[in-house]
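Student: Please find one structure pasted underneath; my questions will follow.
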Amino acid sequence: MGESDEASGRVIVRTAAAADADVIARVHMDSRAGTMPYLPPQVRTHGEVARWVREIVLEECRVWVAERDGGAVVGYAALDGDMLDALYLRPEARRQGIGTLLLDEVRRHSPGGLSLHVFQQNTEARAFYARHGFTVLDTNDGERNMEKLPDMTLRWTP
């Protein structure tokens, strides 16, 4: 498990449990609302997103959470095979090394490499992944995502 000793408190990365579904949903929703203003407005309720996390994400993916001392979950990552399905942080938890901790944990479980999709407009995420050795495999006009926004596939190979 990864650890970080930021001034704001120690952060550990641990395997997510079913009890984390509500807080993972909140992280997911807050991150998208706070850092991706180009996304269409959220139409799903917190309860609907929590149900998706509980019934789909936690069932079909390997999921980790980043947790500060005291138990506050500040981020999560979900791995589906060799596809990084999600890596989200609370907006106030960004730029503290927490995304790197989560990505490092996912990469430890991806010895053959790792792919992901990112919105082309998400320049901060694209820069984050580029710093961590990901390269662009393809671009897409948005037909493959529910937001219908242009995206790209990135790949990291060890």
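Student: Quick one: count up the residues across the stretch 19-55 that are under 16 Å from the mean Cα position of the chain (by Cα), more than 14 Å from Val74 (Cα to Cα) and either aromatic (Phe, Trp, Tyr) or not in a loop (DSSP other than H, G, I, E, B) (or both).
Tutor: Result for the stretch 19-55: 7.
Student: Looking at Arg95, Arg131, can you tell me which residue is loosely packed, with under 13 Cβ neighbours inside 10 Å, modelled with pLDDT under 90, farther than 26 Å from Arg54 by Cα and more than 12 Å from the chain's Cα centre (by Cα)?
Tutor: Within the list Arg95, Arg131, the selection yields Arg95.
Student: Answer with yes or no whether Val53 is closer than 25 Å to Lys148 by Cβ, open to solvent by 30 Å² or more (accessible area, probe 1.4 Å) and β-branched (Val, Ile, Thr).
Tutor: No: the conditions fail for Val53.
Student: Being in contact with an Asp or Glu (Cβ under 8 Å, 6 or more places away or on another chain) and farther than 19 Å from Val13 by Cα: is that true of Phe119 here?
Tutor: yes
Student: Which members of the stretch 123-154 meet the condition of being under 18 Å from Leu87 (Cα atoms) and in a strand (DSSP E or B)?
Tutor: Within the stretch 123-154, Thr135, Val136, Asp151, Met152, Thr153, Leu154 qualify.
Student: Considering only residues that are touching a residue at least 40 places away in the same chain (Cβ under 8 Å) and small (Gly, Ala, Ser), look in the stretch 18-49 and name the one that is farthest from Pro91 (Cα to Cα).
Tutor: Ala18
Student: Could you say which residue among Glu59, Glu67 is open to solvent by 60 Å² or more (accessible area, probe 1.4 Å), under 16 Å from Thr15 (Cα atoms) and either touching a helix residue (DSSP H, G or I) at 6+ places or on another chain (Cβ under 6 Å) or of a type in the set (Asp, Glu) (or both)?
Tutor: On inspection, the qualifying residue turns out to be Glu59.
Student: Identify the residue in the stretch 108-122 that is open to solvent by 40 Å² or more (accessible area, probe 1.4 Å) and assigned to a loop (DSSP other than H, G, I, E, B) and, among all such residues, is farthest from Arg155 (Cα to Cα).
Tutor: Gln121
Student: Could I ask something else about it? Return yes or no: is Ala72 touching a residue at least 24 places away in the same chain (Cβ under 8 Å) and open to solvent by 20 Å² or more (accessible area, probe 1.4 Å)?
Tutor: Answer is no for this residue.
The values are calculated or read from the model by the stated rules, or taken from the named source; none is laboratory data. The shown structure was predicted, so the numbers you read here are calculated from the model rather than taken from an experiment. Counting neighbours? That spans all protein chains shown, and the Cβs are built from the backbone with ideal geometry, glycine included. To get the accessible areas, we keep the full protein, side chains included, count just its heavy atoms, and leave off ligands, DNA and RNA. Shrake-Rupley method; radii C 1.70, N 1.55, O 1.52, S 1.80 Å.
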